[in-house]
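**Q** The structure's right below; bear with me while I get my questions together.
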């Protein structure tokens, strides 16, 4: 009797223990596909024109003072939950150096949260556009910033912000996509 019970238990264990060995699943990665960028010239009654991505749903002009010495422009990307903020300031004989210094300091304020800040010079002699582009890596509030000027009459700075708490890994695909848009704005900018 004991041998029959032993054979029965052994048979049951063999039947239920057979199967595929568990295999760990590979890590999944979020795949975000953005449309290929298409650009069109934007003229929002400003002292400059540029090309913007058609994915941007709105370009809003914000008057910052009554004399049009400074003007704000917001380029909204609701599908990416981000905005590129532009600020135009008319250059006078004594404000160019402080404007450049303020733009550089604004970028350097992100060093507390940033892993790295890389700067690239930009120069377009044909259209008198000179400046810097900054890429900020890590959990900083702004992932990309820039300023451009003609050194005589015009100064424009811009920065990218998302409508979310900065988490570099989560916003990296959108930040890379919009970084290309910012560079395109710099490359197509023309002073009036």
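The values are calculated or read from the model by the stated rules, or taken from the named source; none is laboratory data. Predicted, not measured: the structure shown is a model, and the values here were computed from it. As a convention, Cβ positions derive from the backbone with ideal geometry for all residues, glycine included, and neighbour counts pool all protein chains shown.
**Q** If you go through segment 138-159 one residue at a time, how many are more than 18 Å from the chain's Cα centre (by Cα), part of a strand (DSSP E or B) and touching a residue at least 60 places away in the same chain (Cβ under 8 Å)?
**A** So the count comes out to 2.
**Q** Have a look at 10, 55 and point out the one that is over 19 Å from residue 155 (Cα atoms), modelled with pLDDT of 80 or more and not in a strand (DSSP E or B). Can you show your working first?
**A** Working: 10 fails: modelled with pLDDT of 80 or more.
That would be 55, the only listed residue that is over 19 Å from residue 155 (Cα atoms), modelled with pLDDT of 80 or more and not in a strand (DSSP E or B).
Every residue, every condition in (1) out of contact with any helix residue (DSSP H, G or I) (no Cβ under 6 Å at 6 or more places or on another chain); (2) assigned to a strand (DSSP E or B); (3) modelled with pLDDT of 90 or more, yes or no:
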position: 62; (1), (2), (3): yes, yes, no
position: 88; (1), (2), (3): yes, yes, yes
position: 103; (1), (2), (3): yes, no, no
position: 107; (1), (2), (3): yes, no, no
position: 111; (1), (2), (3): yes, no, no
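**Q** Sticking with this one: Within segment 163-187, take every residue that is touching a residue at least 24 places away in the same chain (Cβ under 8 Å) and outside any helix (DSSP H, G or I) and give me the one that is surrounded by the most Cβ atoms within 10 Å (Cβ to Cβ).
**A** My answer is 166.
**Q** Can you list residue pairs whose Cβ atoms sit under 8 Å apart, with the first residue in segment 35-55 being on the phi > 0 side of the Ramachandran plot and exposed (fewer than 10 other Cβ atoms within 10 Å of the Cβ) and the second being modelled with pLDDT under 90 and not in a loop (DSSP other than H, G, I, E, B)? Count only pairs 6 or more apart in sequence or on different chains.
**A** 45/61
**Q** Same structure again: Here is a check on your reading of the model: is residue 130 surrounded by fewer than 20 Cβ atoms within 10 Å (Cβ to Cβ), part of a strand (DSSP E or B) and over 15 Å from the mean Cα position of the chain (by Cα)?
**A** Numbers: surrounded by fewer than 20 Cβ atoms within 10 Å (Cβ to Cβ): yes; part of a strand (DSSP E or B): yes; over 15 Å from the mean Cα position of the chain (by Cα): yes.
It is true that residue 130 is surrounded by fewer than 20 Cβ atoms within 10 Å (Cβ to Cβ), part of a strand (DSSP E or B) and over 15 Å from the mean Cα position of the chain (by Cα).
**Q** Quick check: anything in segment 114-123 loosely packed, with under 15 Cβ neighbours inside 10 Å, in contact (Cβ under 8 Å) with a residue 12 or more places away in the chain and within 19 Å of residue 74 (Cα to Cα)?
**A** no
**Q** Next question, about the same structure. If you go through segment 77-107, how many residues are under 30 Å from residue 35 (Cβ atoms) and in contact (Cβ under 8 Å) with a residue 40 or more places away in the chain?
**A** 10
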